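Colleague: What follows is a structure written as structure tokens; I'll ask about it next.
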Amino acid sequence: MLIVYYRLTHRWQNVFLLIASYVFYSAWDYRFLSLILISTGVDYLVGLRAHAAREAGRSKVARRFLLLSVCTNLGILGFFKYYGFFVDSAQSLAGDLGLDFVAPSLTIVLPVGISFYTFQTMSYAIDVYRGKLAPTRNLVDFAVYVAFFPQLVAGPIERATHLIPQIQSPRAISLDDIREGLLLIGTGLIRKVVIADVAGTIADTYFSAPGKASSTQLLMAAYLYSMQIYGDFSGYSNIARGTARLMGFDLIRNFHHPYFAVSVADFWRRWHISLSTWLRDYLYIPLGGNRGSARRTQINLMLTMLLGGLWHGASWNFVIWGGLHGIYLVVHRFVRSHRRAQATKIGAIFGAFLTFHVVTLTWIPFRLTAFSDVAAYFEGLGRFDFSYDPILWSAVFFAVVLLLIDGPQAITNDEYVLARRWPGALAPAFGIVLIVVLLTSGGVQTPFIYFQF
Amino acid sequence: MSRSVGRIVVGIIATVLLAEGLLRIPAVADAVPERNPYYHGGVQERIDALEALQAESDIDVLFIGSSVVRSNVSPHVFDDEASIALGRPITSFNVGGSGLHLDSVRLLYERLWSKLAEPDYVVQFVRYAELRSDKTAQEFFANNDIERAWAEGGIAGSTRSFLQEHSALYRRRGVLAAWLSHEKPQRGYKIDDRGHSESKPSLSEALATRDHSDIAGYEAIASGYGDPLDEETFATGLAVLEQTAQLVEDSGSVYVIANMPEYPEKFLAAPDGEERYQFYLDTLEEFAREHGIVFLDVTGGDANDFSAMELYSDYHHFTETGATRLSKDLALAFAITFG
């Protein structure tokens, strides 16, 4: 595919990318391509009309077009992702109140990547409305922006201001693009196949029956899940970015060593950066951000994190997960405003240790949907029956592999340190990656966790 | 730039080939053992036993089929009886495997056994429930690497099966994951040197103790074969048998179909049980006649022929006593037919 792509002119490259993206998405279920087409068509027109209205000084008309975009995208998202959740919750609440409420029951398949591309297109309409971006007049270019296959199903959620200019301009692919693209794909494969898939398989054993596991096993399984979700999602992001890089695109960096974060606020600057900045720019700041009273800021933080949790899935456990992070951010903000201590290295290490454990323990309600299982998990951890278990070595192994990938990058503050310092080692290193991936993959396909979101 | 990119590609390929070469060195290969690539650990055990046997003797008869072949046919007993009856030494081997549908038996024969052995006769045992099953091999092997590749075929499937058969590196897929997960090696049933697996306690013992895991086998007897029966019932099964017959013929062996007796209550618990059993036998016999295949039925058309509880460990797997009787009866029928 790359060979064909490299031989095309810029215009035809975009057409080729669009066809490839639609074929890629249709391979999962061609019917849901219609949703992408609706989203693309509506936002393309909204961009043009809202911009024209804005230029003509008709801000009310521009706002109406923005509303059309938001309603269309949130309507698609709400129906396909949240209909069942809200109906079940409403019926449960009505039952508790003694009311007779029965909503039509529908079996709705969740379209892959819906949370990602709806947010991406909405950001385009909002940016055009705000005057931060000129609308795209070329429909193919815009359609590529919405459906760009490397990041279509699990992000990063690209901003139009960042990706559209790259689609519109001719792309010159350098040797560095190839090297760094391969490095991203290689580290992505290690994260996904070696760390996430295997750590996840081991963790599943204990998450599936937390009542039967010892405290050691539950603690290690929590560590393993923590590494699984990081490996899985950052692995996908890296593979997406690497693939895009081979085609001359530079996608936003979605993870910046989140488990080295020294506080929960720092964690959210490093974890799923494209979502956290989206929520910041299009939700938290419009709600008032930190411009109002301390109470108002706390409410804004909580609302943002609760909705951020709900974005991950139509289930109360995701809301609780988001709510817990909201509480941590509020507490962190409160502590920071009352404490003016100098940052020290020991303080940073302690902060990173504490943050990692808080984040890891908060993944438990994210992973387990049944509250009884969450209670059993924490009850098991609270028993403190710690003793040696072979799972310990699995956790150590994955931690070491993650450190070997993240450590040099964090120390040098250079994501491409290997490709830049030892370019000659890249080919054998990539070969070794392929070998390790082969030795790790067992023939059973494990889907990316974030595909479900 | 294209030269630099070419160098990177060559570097990647060279690294992978180096690993492939290293894994062909016996010491390295022993240090990084392969995982069992088949759907069941018993397949590899049978391959090893078959290769060991063939180092000493040619195979005259190969028994293929599901777990009822694995547990109900004893090649040692068969060989002793058949050798006496025929007046010449006979060597047979049992490659019956757990949980196989007819299509899976066909696939394993096509891709594995026909390449490993050249017997004079291939005897496939069939029982009623297998013949009326419409499950395909692809469904059964869906989660396993090599059989899934065989069943899928096409470029992707053929490439995967080629790699599985020829690449030392590919054959070690998942070894690191298995090691990290503290995965226990997949084991098959304990088999003798002819591929016959040891038998379990009899049904009567299981009923007496009521705590045997095979009690579930007895519980299944209560549900007789009572579903609707017509000409279409066996259509899929017969089509698969036809394919298997062709494969066997193409590999130069004589194909034989044999009826596998079951605990008679499975039939007799149904209102039209005896007619049903007869219909099944008639269908098999007619199929064999049409295709010029030998059909062996040691029950002589009598569902009650194998009715003693001591013969069974559940409603279709035999005890050692049952396996000995069936193997003797089969040897006699075989000698009469081919003597």
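Colleague: Around residue B:258, which amide H atoms from residues at least 5 apart in sequence, or from another chain, sit under 5 Å from its own amide H, with H modelled in the peptide plane?
Modeller: Residues meeting the amide H criterion: B:124, B:125, B:126, B:296.
Colleague: Helix-only estimate, please: 222 nm mean residue ellipticity of chain B, summing -39500 (n - 2.57) across DSSP H runs of length 4 or more and dividing by its residues, to the nearest 500.
Modeller: -15000 deg cm²/dmol
Colleague: A further question on this structure: Taking a probe of 1.4 angstrom, what is the accessible area of residue B:40 in Å², to the nearest 10?
Modeller: Taking all protein chains as shown, residue B:40 has close to 40 Å².
Colleague: In vacuum, with every alpha carbon of the protein assembly as shown counted as one equal point scatterer, what does the Debye formula give for log10 I(q)/I(0) at q = 0.05, 0.06 Å⁻¹? Two decimals, please.
Modeller: Scattering profile of the protein assembly as shown, log10 relative to I(0): -0.38, -0.54.
Colleague: A follow-up question, please. Charges on Cβ only, +1 for Lys and Arg, -1 for Asp and Glu, centred on the Cα centroid of the protein assembly as shown; of A:369, A:228, A:9, which one is farthest towards the dipole's positive end?
Modeller: The Cα lying farthest towards the positive end belongs to A:9.
Colleague: With everything on Cα atoms, drop me the angle between helix B:273-291 and the longest principal axis of chain B, reported from 0 to 90° to the nearest 10.
Modeller: Orientation of helix B:273-291: about 60 degrees from the principal axis.
Colleague: Taking all protein chains in place and a 1.4 Å probe, what share, in percent, of the accessible surface of region A:133-219 do carbon and sulfur account for?
Modeller: 59
Colleague: Label residue B:162 and residue A:61 with points 7 Å out from Cα along Cα→Cβ: what is the distance between them in nm?
Modeller: 6.3
Colleague: Still on this model: With +1 on each Lys and Arg Cβ and -1 on each Asp and Glu Cβ, how big is the dipole of region B:134-185 about its Cα centre, in debye rounded to the nearest 20?
Modeller: Here the size comes out at about 260 debye.
Colleague: In addition: Against the longest principal axis of chain B, how steep is helix B:235-250, in degrees 0 to 90 to the nearest 10, with axes from Cα atoms?
Modeller: Between the helix axis and the principal axis of chain B, the angle is about 60 degrees.
Colleague: In addition: Just to be sure I understand the interface: list residues from region B:131-172 that lose 10 Å² or more of accessible area between the chain on its own and the complete protein assembly, 1.4 Å probe.
Modeller: Listed in order, they are B:143, B:145, B:148, B:169, B:170, B:172.
Colleague: How would B:165, B:130, A:55 rank on accessible area, largest to smallest, probe 1.4 Å?
Modeller: A:55, B:165, B:130
Colleague: Order these peptides, B:58-70, A:291-303, by their mean beta-carbon neighbour count within 10 angstrom, highest first.
Modeller: By packing density, highest mean first, the sequence is B:58-70, A:291-303.
Colleague: Rounded if a/c is under 1.5, else prolate if a/b beats b/c, else oblate: with a ≥ b ≥ c from the C-alpha gyration tensor eigenvalues square-rooted, which is region A:1-65?
Modeller: Oblate, because a/c is 1.5 or more while a/b does not exceed b/c.
Colleague: Next question. Antiparallel as a % of all DSSP beta bridges within the protein assembly as shown, to the nearest 5?
Modeller: Here the share of antiparallel DSSP bridges comes out near 10 percent.
Colleague: Quote the total accessible area buried by chains B and A together, excluding ligands, DNA and RNA, probe 1.4 Å, nearest 100 Å².
Modeller: Counting protein atoms only, the buried area is about 2100 Å².
Colleague: How many angstrom lie between the C-alpha centres of region B:260-338 and region B:14-84?
Modeller: Each part's Cα centre sits 29 Å from the other's.
Colleague: Still on this model: Between residue A:307 and residue A:45, what FRET efficiency follows from the Cβ-Cβ distance if R0 is 25 Å, with the result rounded to 0.05?
Modeller: 0.40
Colleague: Let me ask you something else. In the Gaussian network model of chain B, springs joining C-alpha atoms below 10 Å, which of B:122, B:175, B:240 carries the largest mean-square fluctuation?
Modeller: Evaluated over chain B, the most mobile residue of the options is B:175.
Colleague: If the only charges are +1 at each Lys and Arg Cβ and -1 at each Asp and Glu Cβ, what is the size of the charge dipole of region A:252-306 around the Cα centre, to the nearest 20 debye?
Modeller: In total the dipole reaches around 120 debye.
Colleague: A follow-up question, please. Under the rule a/c < 1.5 gives rounded, and otherwise a/b versus b/c splits prolate from oblate, where does region A:97-254 land using the Cα gyration tensor?
Modeller: It is oblate, given that a/c is not under 1.5 and a/b is not larger than b/c.
Colleague: For chain A, list the DSSP H helices whose alpha carbon atoms reach 30 Å or more along the long axis and whose average Kyte-Doolittle value is 1.0 or above?
Modeller: The qualifying helices are A:345-367, A:391-412.
Colleague: Going toward the positive end of the dipole of the protein assembly as shown, with +1 on Lys and Arg Cβ and -1 on Asp and Glu Cβ, which of B:112, A:353, B:281 do you reach last?
Modeller: Toward the positive end, the furthest listed residue is A:353.
Colleague: Leaving out ligands, DNA and RNA, and with a 1.4 Å probe, what % of the accessible surface on chain B is carbon or sulfur?
Modeller: Its accessible area is 52 percent carbon and sulfur atoms.
Colleague: Over chain A, what is the relative contact order in percent, taking alpha-carbon pairs closer than 8 angstrom and at least six residues apart?
Modeller: For chain A, the relative contact order is 18 percent.
Colleague: May I pose another question? Per residue, what accessible area does chain B have, given a 1.4 Å probe and all protein chains present, in Å²?
Modeller: Computed with neighbouring chains in place, this is 46 Å² per residue.
Colleague: For residue A:283 and residue A:396 in the same chain, what is the full-extension length gain: residue separation times 0.36 nm, less their Cα-Cα distance, in nm?
Modeller: 36.8 nm
Colleague: Report the residues of region A:370-396 in range of a label on residue A:209: point 7 Å along Cα→C-beta, backbone N strictly under 16 Å from it.
Modeller: Of the residues in region A:370-396, A:373, A:376-377, A:380 have backbone N under 16 Å from the label point off residue A:209.
Colleague: Using a 1.4 Å probe on the protein heavy atoms only, what accessible surface does residue B:76 show? Give it in Å² to the nearest 10.
Modeller: 70
Colleague: What is the distance in Å between the Cα centres of region A:172-212 and region A:308-373?
Modeller: Spelled out, the Cα-based centre of one part sits 23 Å from the other.
Colleague: Next up: Grab the beta carbon distance between residue A:15 and residue B:291, set R0 = 56 Å, and tell me the FRET efficiency rounded to 0.05.
Modeller: That gives a FRET efficiency of 0.50.
Colleague: For residue B:25 paired with residue B:278, estimate the spin-label separation in nm (one decimal), with each label point 7 Å from Cα along the Cα-to-Cβ line.
Modeller: 7.1
Colleague: May I have the count of lysine pairs in the protein assembly as shown with C-alpha atoms under 21 Å apart, counting pairs 8 or more residues apart or located on different chains?
Modeller: Value for the protein assembly as shown: 6.
Colleague: Based on the alpha-carbon gyration tensor of region A:176-291 and its eigenvalue square roots a ≥ b ≥ c, which shape applies: rounded if a/c is under 1.5, prolate if not and a/b is larger than b/c, or oblate?
Modeller: Since a/c reaches 1.5 but b/c is at least a/b, the shape of region A:176-291 is classed as oblate.
Colleague: Can you tell me what share of the DSSP beta bridges in chain B is antiparallel? A percent to the nearest 5 is fine.
Modeller: 10
Colleague: Calculate the dipole size of region A:214-355 relative to its Cα centre from +1 charges on Lys and Arg beta carbons and -1 charges on Asp and Glu beta carbons; express the result in debye to the nearest 20.
Modeller: Value, rounded to 20: 600 debye.
Colleague: Let me ask you something else. Enter the Cα centre distance for the pair region A:106-128 and region B:96-147, rounded to the nearest angstrom.
Modeller: Their Cα centres are 47 Å away from one another.
Colleague: Would you be so kind as to identify which of A:239, A:77, A:61 lies farthest towards the positive end of the dipole of chain A, taking Lys and Arg as +1 and Asp and Glu as -1 on Cβ and the Cα centre as origin?
Modeller: A:61
The values are calculated or read from the model by the stated rules, or taken from the named source; none is laboratory data. What you see is a predicted model; the values in this text were computed from it and never measured. Using ideal geometry, Cβ is built from the backbone for each residue, glycine included, and neighbour counts are taken over all protein chains shown. Just so you know, the surface numbers come from the protein's heavy atoms only, side chains and all, with ligands and any DNA or RNA stripped out. Shrake-Rupley method; radii C 1.70, N 1.55, O 1.52, S 1.80 Å.
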